[in-house]
Amino acid sequence: MADCARKGRTRDSMDKSITLPPDEIFRNLENAKRFAIDIGGSLTKLAYYSTVQHKVAKVRSFDHTAKDVSDLISVQEEITARLHFIKFENTYIETCLDFIKDHLVNTETKVIKATGGGAYKFKELIEKKLRLKVDKEDEMTCLIKGCNFVLRNIPHEAFVYAKHADSEFRFQNTHPDIFPYLLINIGSGVSIVKVESEDKFERIGGSSIGGGTFWGLGALLTKTKRFDELLQLASRGQHSSVDMLVKDIYGGAYSSLGLTGDLIASSFGKSATTDKEFSKEDMAKSLLHMISNDIGQLACLYARLHNLSRVYFGGFFIRGHPVTMHTITYSINFFTKGEVQALFLRHEGYLGAIGAFLKGAEEDNPNQYSWGENYAGSSGLMSVSPDLNPMQRARSGTFDMLEMDRLERQLVNLPLLQDPSSYVPDTVDLTEDALAREYWLSCFEDALDGVVKRAVASQPDLPQAAERAEKFRQKYLHKLQTLRHQPFAYGSLTVRSLLDTREHCLNEFNFPDPYSKVKQKENDVALKYFQKVVMSLEKLSWEQRQFALVKGLLAGNVFDWGAKRPWLVDCYNEWLERLKGPPHKCALFFVDNSGIDIILGVFPFVRELLCRGTEVVLASNSGPALNDVTNSELQILTERIAAMDSVIQTALKEDKLTLVQSGSSSPCLDLSRLDKALATVVLERHTDLVVIEGMGRAIHTNYYAMLNCESLKLAVIKNSWLAERLGGKIFSVVFKYEVPFKSQELKQ
Amino acid sequence: MADCARKGRTRDSMDKSITLPPDEIFRNLENAKRFAIDIGGSLTKLAYYSTVQHKVAKVRSFDHTAKETEGDPLYEISVQEEITARLHFIKFENTYIETCLDFIKDHLVNTETKVIKATGGGAYKFKELIEKKLRLKVDKEDEMTCLIKGCNFVLRNIPHEAFVYAKHADSEFRFQNTHPDIFPYLLINIGSGVSIVKVESEDKFERIGGSSIGGGTFWGLGALLTKTKRFDELLQLASRGQHSSVDMLVKDIYGGAYSSLGLTGDLIASSFGKSATTDKEFSKEDMAKSLLHMISNDIGQLACLYARLHNLSRVYFGGFFIRGHPVTMHTITYSINFFTKGEVQALFLRHEGYLGAIGAFLKGAEEDNPNQYSWGENYAGSSGLMSVSPDLNPMQRARSGTFDMLEMDRLERQLVNLPLLQDPSSYVPDTVDLTEDALAREYWLSCFEDALDGVVKRAVASQPDLPQAAERAEKFRQKYLHKLQTLRHQPL
């Protein structure tokens, strides 16, 4: 079915122009079952819930007596829930409604939730076209519901804007507790809303001096009727020719009152007494400053009065306009002396639509699930900085999309994180590091041909594999190009986000697991050596064995093993000392690759831990990513090993060895978004050791993660550029054993 | 000496036109010994300290041992000259500054005066002119300090200085009693921009906030929108306009009230919101009104937030945006009521325009300890608050060329509350407030008018031996009659 929807495609690129056929935009309409619409003054935001049928690679265990390898993997159809959000100009509303009507198959849908000022105006049109009852929802309630949803579910949703910084956008970590916060919605007017919990909010203030005032007064003063043009005028103007500054009155600063000379004493003050003509640009700039400063001061006062430090700004005045984000940020900094940061939201324009959708979907309990942004289907944040990208100012005719996948399981923080609110998974923020960004973007671009080949090879029997792989190539290449120009499109650009985007794009074109066959083969080979390896380890002395086990873990990462100690990061001696002490209660092990790594590296190490009396929880990916071992693969492998090894068998039987899924389908690891079941197990077993292995999980991410128990982070750096950055050479070894300060103290 | 100053009079009425000879205005200049000047964007306020020599009736007891003949009075009455201190404040348009300085120079006798305290934005601009003309050193004083000092002074010394403005009430102005303790309070000075100052004691104040959206914004944006360059005309336009044709109201968006948020349908959702999407032409009046509401509401909200943040309930408004303009006093009052739900009242000051000059004067007179004395407003020498309500008195809108005066006498003794008063802050000496009781007002005004002839006769009869008694009594009659007439039109 999902494939049917895609048949109509005539172009592959994700060009957002109106000439794009609507079925490229209104995806998965056939299965859509809930609709919500938010009609603003100029933009319509449509939301619907749909299901996506896509192929997943399933692994199935053999009957142990059989010996046929190729039957191990099958590609199956799986259905997952997805939220679609599309934003377009009101002009296209009729065309869009027609398209939706023609493609709407699901007859269960009876109502469409509607919000926004325009909901009233277009009610009849919608009811006539779609034959759905329009059910109006309170605008502010929708806005707040939507805001809570994105803050909770989209990492890097909120950002700080810094015009002159290396990276314009500084994304914020998702706070475990999003409440309380202040939302300043700058539409025609300004609403200042205090949000205390999911259901409790209050409009504590507001102002009539808002976006409508900028637009209205601007139109009267400059005869320019378009909002965007007014902003453009403003960005070129000099406010000081219209405004009366402190120095215009006092000849300089008014020091005893702490007023600098450049401070605006009176907006438009010069036009009161001067007869000269003012330029449109200067008047627009003065107006922009006047309004932004006023809102900034009000926001600051309400924040102080209600003791709130998180202040989010939204509404059409802000929406993606660097000019207004800059003036608001400046004003907030000025009035709060830096104590409060102005925060903006990547999906701010969708809040009302998301909220209206959630209101209508309450029986499905969307808030019970975790959702993830689908990078393949979402347009991402556009840089609309007029200087950076003048073409993008002309936003008319563009369709903007956001797609969110419902994740199988609810995601939570790893309970062992020392400070969840300051945890940043990624080691390098590529949005802020231009050199690193350029390197990695080129790196992923260069690797693309290999990935495409691998994808084609993975589906020799499936139709159009080559064709789909080519589509994947173009889409990912386009994403990389977008990211080169707008590194902030999906939040902070990181190696993780580049890897995740690639996975999303592969899935998009039904390459759920290009490495499945490779993994299968490697696992099969490695299994044959397992017993031999265990036997040779048993022959070693205790100390020799400990070192061999660590080498095994690292060797799985690289075949070209030859690094001499001391390693680039070498805490092996401390680790050995620790092993001479009492056993750990429970170790949580985030595993990495299939094949030699998991079977000949991880399992012998785990076996030793089990023998010491330590319980082990093996956490593997829920979904496929590169050649990482997935949870379903690991279950089969564990069964096979247990059949050969009594230690593993006993541990499984006695529940001392547990397999859990991480909730992730990424080669990297975000410890703030882990499967809830994993978190529960970790707490129940009193986990006191966390092992993270591999470049993706221990270097690209979590290298600096602070845990409140002992941890091992180990990897071989298989990238010379990164190795150099860390002060080493390619194939340098990182063996990081960390003990939190607290338990160090206890030991003494 | 005081009489000398009055010799030049050619007319008796207190007409404030520029044609009035300056010696009618700059009274007692000969004895003036301290000068202060506050030059604002358009108005100059001059302050000086002088002494007034005037006649007082003294009574003296007879020697009790002497046996006087039957019918002799118990005590003797004599008219003596007495010198009292008086503060003079004069306000005039900056245009007349040169003429005024010339006049002062010509009449300044006291050579002890070496400096003139100056404040206000214009002090810098006119420094050279003043120093050249008066041969006095211009000593600049901090503007805000002067403003606050002046404010403290009038609040402490002038009864009924502060008032609440109520456009639709029987009496537009509701005067407040002088509070024994005037601190703390918030002063919102709306000049070109807005300064929000928290005053905690005589010497402690802090500018806690401000805004660039002030009188200059109304004036500047108003001039751009309506091509009307005069501030007063803009206010007049505004008072005739309909803001709802330019502003987007809540009901324009939601078809009515937005009840769940507690927003009424008539609330302004977006100032000038309608001009964003409509192509129609808007009238000057409507745009000026919308602008006035926008600015007043904004200042009102800021004032209310700062008052709440600093826990202050007394909020005084001043600055040229407010100064005697019922239109702005009304919109500010409305806005404060809206935002504080009536918890805070917007208070205005009768002598708000003089605060800077009073403060600058006080700075220069600190050695005379003016704050040690009590001062009383001299009703004869002061112009009083003008009603500038355009409907009531359209003529007075044309304020150019008017001189406004305030004179304050230093009282012999410091005045305080009777310690036995149950509640000094709510004590009102007067039994009937004639500003609020129109019938009573009419009766008493006529009553005093009718009695005037008798008073004049009595005055003449009291000074059979003194010169020009009849002439002076006639001047008295005319002046008092004029005051009564003024009070009939402007009971406040």
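Listed conditions (1) assigned to a loop (DSSP other than H, G, I, E, B); (2) under 22 Å from the mean Cα position of the chain (by Cα) are all met by A:Thr687, apart from (2). Out of A:Ala705, A:Ala698, A:Ala651, A:Ala679, which single residue is surrounded by fewer than 21 Cβ atoms within 10 Å (Cβ to Cβ) and either touching a residue at least 60 places away in the same chain (Cβ under 8 Å) or of a type outside the set (Phe, Trp, Tyr) (or both)? Residue meeting the stated conditions: A:Ala679.
Taken over the range B:106-137, residues that are within 14 Å of chain A (Cβ to nearest Cβ) and in contact (Cβ under 8 Å) with a residue 40 or more places away in the chain amount to 8. Among the conditions (1) in contact (Cβ under 8 Å) with a residue 40 or more places away in the chain; (2) within 27 Å of B:Gly40 (Cα to Cα); (3) more than 12 Å from chain A (Cβ to nearest Cβ), B:Leu312 misses just one, which is (2). Annotation: of all residues in the range A:492-548 being surrounded by fewer than 18 Cβ atoms within 10 Å (Cβ to Cβ) and β-branched (Val, Ile, Thr), the one that is farthest from the chain's Cα centre (by Cα) is A:Val525. Considering only the range B:248-255, I want to know if a residue exists there that is within 26 Å of the chain's Cα centre (by Cα) and within 12 Å of another protein chain (Cβ to nearest Cβ). Scanning the range B:248-255, I find no residue that is within 26 Å of the chain's Cα centre (by Cα) and within 12 Å of another protein chain (Cβ to nearest Cβ), so the answer is no. Scanning the range A:432-462 for residues that are touching an Asp or Glu at 6+ places or on another chain (Cβ under 9 Å) and closer than 28 Å to A:Val690 by Cβ yields a count of 3.
Taking helices (runs of 4 or more DSSP H) as the structural unit, those lying wholly within the range A:515-595 and holding at least 1 residues that are more than 24 Å from A:Asp670 (Cα to Cα) and among the small types (Gly, Ala, Ser) correspond to A:516-539, A:542-555. The number of residues in the range A:411-431 being touching a strand residue (DSSP E or B) at 6+ places or on another chain (Cβ under 8 Å) and either without any contact (Cβ under 8 Å) to a residue 40 or more places away in the chain or surrounded by fewer than 17 Cβ atoms within 10 Å (Cβ to Cβ) (or both) comes to 1.
Looking only at residues of the range B:138-154 that are over 16 Å from the mean Cα position of the chain (by Cα) and under 13 Å from B:Gly364 (Cα atoms), we find that the one that is nearest to the other protein chains (Cβ to nearest Cβ) is B:Asp142.
Selection of the range B:295-308 for residues being free of Cβ contacts under 8 Å to residues at least 40 places away in the same chain and within 9 Å of another protein chain (Cβ to nearest Cβ) yields B:Gln301, B:Leu305, B:Arg308. Of the listed requirements (1) over 26 Å from the mean Cα position of the chain (by Cα); (2) among the aromatic types (Phe, Trp, Tyr); (3) more than 26 Å from A:Asp138 (Cα to Cα), B:Tyr354 misses just one: (1).
Only residues that are among the basic types (Lys, Arg), assigned to a loop (DSSP other than H, G, I, E, B) and more than 10 Å from chain A (Cβ to nearest Cβ): list them for the range B:183-229, please.
Once the filter is applied, which keeps residues that are among the basic types (Lys, Arg), assigned to a loop (DSSP other than H, G, I, E, B) and more than 10 Å from chain A (Cβ to nearest Cβ), the range B:183-229 yields B:Lys204, B:Lys227.
Which is over 30 Å from A:Phe122 (Cα atoms), in contact with a Gly (Cβ under 7 Å, 6 or more places away or on another chain) and surrounded by 24 or more Cβ atoms within 10 Å (Cβ to Cβ), of B:Leu292, B:Leu302? Step by step, each of B:Leu292, B:Leu302 is checked, and only B:Leu302 is over 30 Å from A:Phe122 (Cα atoms), in contact with a Gly (Cβ under 7 Å, 6 or more places away or on another chain) and surrounded by 24 or more Cβ atoms within 10 Å (Cβ to Cβ).
Given the criteria under 20 Å from A:Ala158 (Cβ atoms) and either part of a helix (DSSP H, G or I) or within 9 Å of another protein chain (Cβ to nearest Cβ) (or both), does A:Gly296 qualify? For A:Gly296, the condition - under 20 Å from A:Ala158 (Cβ atoms) and either part of a helix (DSSP H, G or I) or within 9 Å of another protein chain (Cβ to nearest Cβ) (or both) - is met. Take A:Ala679 and tell me if it is among the hydrophobic types (A, V, I, L, M, F, W, C) and within 20 Å of A:Pro425 (Cα to Cα). Here the answer is yes, as A:Ala679 does meet what is asked.
A quick yes/no check of all residues on (1) within 14 Å of another protein chain (Cβ to nearest Cβ); (2) part of a loop (DSSP other than H, G, I, E, B):
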| residue | (1), (2) |
| --- | --- |
| A:Val160 | no, no |
| A:Thr174 | no, yes |
| A:Asp177 | no, yes |
| A:Leu182 | yes, no |
| A:Ser191 | yes, no |
| A:Lys194 | yes, no |
| A:Asp199 | yes, yes |
| A:Arg203 | yes, no |
| A:Gly212 | yes, no |
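Answer yes or no as to whether A:Ser594 is modelled with pLDDT under 95, under 18 Å from A:Ala698 (Cα atoms) and of a type in the set (Gly, Ala, Ser). Considered against the rule, which asks whether it is modelled with pLDDT under 95, under 18 Å from A:Ala698 (Cα atoms) and of a type in the set (Gly, Ala, Ser), A:Ser594 comes out as yes. All conditions but one from (1) crowded, with 22+ Cβ neighbours inside 10 Å; (2) touching a helix residue (DSSP H, G or I) at 6+ places or on another chain (Cβ under 7 Å); (3) not polar (S, T, N, Q) apply to A:Lys475; the one that does not is (1). Among the residues of the range B:258-291, just one is among the basic types (Lys, Arg) and at the interface with chain A (Cβ under 10 Å from one of its Cβ atoms), namely B:Lys274. One residue is enough: does the range B:272-291 have a residue meeting the conditions in a helix (DSSP H, G or I), under 29 Å from B:Lys91 (Cβ atoms) and among the aliphatic types (A, V, I, L, M)? Yes.
Taking the criterion of being farther than 30 Å from B:Thr145 by Cα and under 43 Å from the mean Cα position of the chain (by Cα), would at least one residue in the range A:256-270 satisfy it? Taking every residue of the range A:256-270 in turn, none turns out to be farther than 30 Å from B:Thr145 by Cα and under 43 Å from the mean Cα position of the chain (by Cα). The condition (being within 15 Å of A:Arg697 (Cβ to Cβ) and not in a loop (DSSP other than H, G, I, E, B)) is satisfied by just one residue among A:Val606, A:Val602, A:Val616: A:Val602. Looking at A:Leu308, A:Leu351, A:Leu287, just one residue is within 20 Å of the chain's Cα centre (by Cα) and touching a residue at least 24 places away in the same chain (Cβ under 8 Å), and that residue is A:Leu351. Among the residues of the range B:454-492, those identified as outside any helix (DSSP H, G or I) and closer than 21 Å to B:Val56 by Cβ are B:Gln463, B:Pro464, B:Asp465, B:Leu466, B:Pro467, B:Gln468.
Going through (1) modelled with pLDDT under 85; (2) buried (at least 21 other Cβ atoms within 10 Å of the Cβ); (3) touching a Pro at 6+ places or on another chain (Cβ under 9 Å) one by one, A:Leu407 falls short only on (3). Taken over the range A:98-133, residues that are buried (at least 20 other Cβ atoms within 10 Å of the Cβ) and not in a loop (DSSP other than H, G, I, E, B) amount to 9. Restricting attention to the range A:227-249, the residues being within 30 Å of A:Leu183 (Cβ to Cβ), within 10 Å of chain B (Cβ to nearest Cβ) and either modelled with pLDDT under 90 or out of contact with any strand residue (DSSP E or B) (no Cβ under 9 Å at 6 or more places or on another chain) (or both) number 2. When A:Val606 is tested against (1) over 29 Å from A:Ser664 (Cα atoms); (2) without any contact (Cβ under 8 Å) to a residue 60 or more places away in the chain, just one condition goes unmet, and that condition is (1).
The values are calculated or read from the model by the stated rules, or taken from the named source; none is laboratory data. All figures in this text were calculated on a predicted structure; none of them were measured in a lab. Don't worry about glycine lacking a Cβ; one is built from the backbone with ideal geometry, like all the others, and counts go over all protein chains shown.
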